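Some notes on the structure that comes next.
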Amino acid sequence: MSGSNTTSNVLFSGFQYGVADQLGISKIIIVGLQVVGGAAGNMICVHNVVAAFTTVGVLGKEGRVIRTNAIPALIYAISVGVFAYISVYFLFPTLF
């Protein structure tokens, strides 16, 4: 929403903590995954790409970079999702 992982954490961590508590799963892992998800979102965040390109003086290629980063971001997100599922339900089911 804002291009900031910090803002995303402030907005959503409390909600995700509450949902994890209601589901009876590890709150620490879920809130940690909030940070990981924010990092994945930053890979394709328009705000960050435009800021980086403006800094180096390149204009008009933002869409190409976002499209190029979309596949690695998707692979990253799916990998983290699979690892998270395994962590929450099999590796650390009783962690806090």
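The values are calculated or read from the model by the stated rules, or taken from the named source; none is laboratory data. Everything numeric in this text was worked out from a predicted model, so none of it was measured. Positions of Cβ are backbone-derived with ideal geometry, glycine not excepted, and every protein chain shown enters the neighbour counts.
Inspection of segment 12-19 finds no residue satisfying the criterion of being assigned to a loop (DSSP other than H, G, I, E, B), more than 22 Å from P72 (Cβ to Cβ) and without any contact (Cβ under 8 Å) to a residue 12 or more places away in the chain. Scanning segment 56-93 for residues that are touching a residue at least 40 places away in the same chain (Cβ under 8 Å) and either in a helix (DSSP H, G or I) or loosely packed, with under 11 Cβ neighbours inside 10 Å (or both) returns A77, V80, A84, S87, V88, Y89. Here N9 clears all of (1) touching a helix residue (DSSP H, G or I) at 6+ places or on another chain (Cβ under 9 Å); (2) farther than 19 Å from L95 by Cβ; (3) without any contact (Cβ under 8 Å) to a residue 12 or more places away in the chain; (4) in a helix (DSSP H, G or I) except the condition numbered (3). Taken together, the criteria place F53 among residues that are of a type in the set (F, W, Y), over 30 Å from D21 (Cα atoms) and either at pLDDT 95 or above or assigned to a helix (DSSP H, G or I) (or both). Within segment 23-48, the set of residues being over 8 Å from the mean Cα position of the chain (by Cα), under 12 Å from T7 (Cβ atoms) and in a helix (DSSP H, G or I) comprises just one member, H47.
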